[in-house]
1. So which residues in segment 134-171 are over 17 Å from the mean Cα position of the chain (by Cα), assigned to a loop (DSSP other than H, G, I, E, B) and aliphatic (A, V, I, L, M), if there are any at all?
2. Take the residues in segment 18-34 that are assigned to a loop (DSSP other than H, G, I, E, B) and either buried (at least 20 other Cβ atoms within 10 Å of the Cβ) or near ligand 1 (Cβ under 7 Å from one of its atoms) (or both); name whichever of them is farthest from the chain's Cα centre (by Cα).
3. Considering only segment 11-65, how many residues are within 16 Å of ligand 3 (Cβ to nearest atom) and of a type in the set (D, E)?
4. Return yes or no: is T136 crowded, with 18+ Cβ neighbours inside 10 Å, out of contact with any Ser or Thr (no Cβ under 7 Å at 6 or more places or on another chain) and more than 22 Å from I22 (Cβ to Cβ)?
5. Would you tally the residues in segment 216-255 being of a type in the set (V, I, T), over 18 Å from V60 (Cβ atoms), within 26 Å of the chain's Cα centre (by Cα) and not in a loop (DSSP other than H, G, I, E, B)?
6. Do any residues in segment 110-133 that are among the small types (G, A, S) have Cβ atoms under 7 Å from those of residues that are at pLDDT 95 or above, where the two are at least six apart or on different chains, and which pairs are they?
7. For a quick check of your reading of the model, give me the residue pairs whose first member lies in segment 64-85 and is within 19 Å of C150 (Cβ to Cβ), whose second is assigned to a helix (DSSP H, G or I) and more than 8 Å from ligand 1 (Cβ to nearest atom), with beta-carbon atoms closer than 6 Å and at least 6 apart or on different chains.
8. Could you tell me which residue of segment 44-86 is surrounded by the most Cβ atoms within 10 Å (Cβ to Cβ), considering only residues that are in a loop (DSSP other than H, G, I, E, B) and touching a His at 6+ places or on another chain (Cβ under 9 Å)?
Amino acid sequence: MANDDLIAIDTEHNVPRHIAIIMDGNGRWAQKRFMPRAVGHQAGVKAVRKIVEYCASHHVEVLTLFAFSSENWRRPEAEVSLLMTLFMATLQREINKLDRNSIRLRFIGDRLAFSEKLQQKMAEGEAQTQNNKALTLVVAANYGGHWDMCQAFLQVQKKMATGELKTEDINDRLINQYLSTAGLPDPDLFIRTGGEQRVSNFMLWQLAYTELYFTTTLWPDFDQNSLEDAIKSFRSRQRRFGHTSEQVLNQSVTL
Ligand code: IPE
Ligand code: IPE
Ligand code: MG
């Protein structure tokens, strides 16, 4: 691995370069208030806005948000359909705002399962914001870590069949180029709200050396102070990437 892969923190601004979040707990947030789960999802969108604003103004390079998993289709039809409507409405409302704030929007996940209209809006959002230089906002929609690896392996296999790639070419750097996150640094900080301590098929390859942070705060209650707590925890950790603690402290290796 080259040293440039290991840069963990934006030293100038002292924030993780890439934060990836499983936004969990919308349903429970609403149920606690005796309201339908839909209200929780709506409140969840408001929390997204605050967190995006924080990351954009604090020089985070990439923010990845898990919006809908490849397993979430198993939910009741009415909830899936509500989530799709909310997704579309949010894109319609927010794309220009993201663009004005120089935020680049990118989607990861199998988008072919979405309606044509939604796919079109997603493509529009990506095209409109593609040259923006501030935060890259990655929205994981119909995303699963297993799906991501399978689609990467399939692309590699096709290139091997045509002779464009050979067995010797296969290594982690090459696989990285075919994952949906190609070109992005791996997450430095992973956050899961809502109290569960699992990764639920999120970025399985990319989380190899990510610092994990779990909080019981439900996603709609997760605000800028909550994010600062997570970043504080991240800063207090020593990332070793296989080295010894002494090596890191003596700076005999570049992280
Ligand atoms: C996360 O909140 C949002 C999505 C999965 C779309 P949940 O809807 O999973 O909320 P809980 O876990 O039921 O509280
Ligand atoms: C993970 O949350 C997916 C998203 C937040 C989009 P879930 O609530 O679906 O995860 P599980 O099913 O509890 O693992
Ligand atoms: Mg959940």
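1. Residues satisfying the conditions are L165, I170.
2. G25
3. Matching residues across segment 11-65 total 1.
4. Answer is no for this residue.
5. Residues that pass the stated criteria total 0.
6. What qualifies is A113/N142; G125/L91; G125/I95; G125/L105.
7. Listed pairs, sorted by first residue: S70/W147.
8. V60
The values are calculated or read from the model by the stated rules, or taken from the named source; none is laboratory data. Since we're looking at a predicted model, the values are computed, not measured. All Cβ positions, glycine included, derive from the backbone under ideal geometry; neighbour counts span all protein chains shown. Note: areas computed on protein heavy atoms with side chains; ligands, DNA, RNA excluded. Shrake-Rupley method; radii C 1.70, N 1.55, O 1.52, S 1.80 Å.
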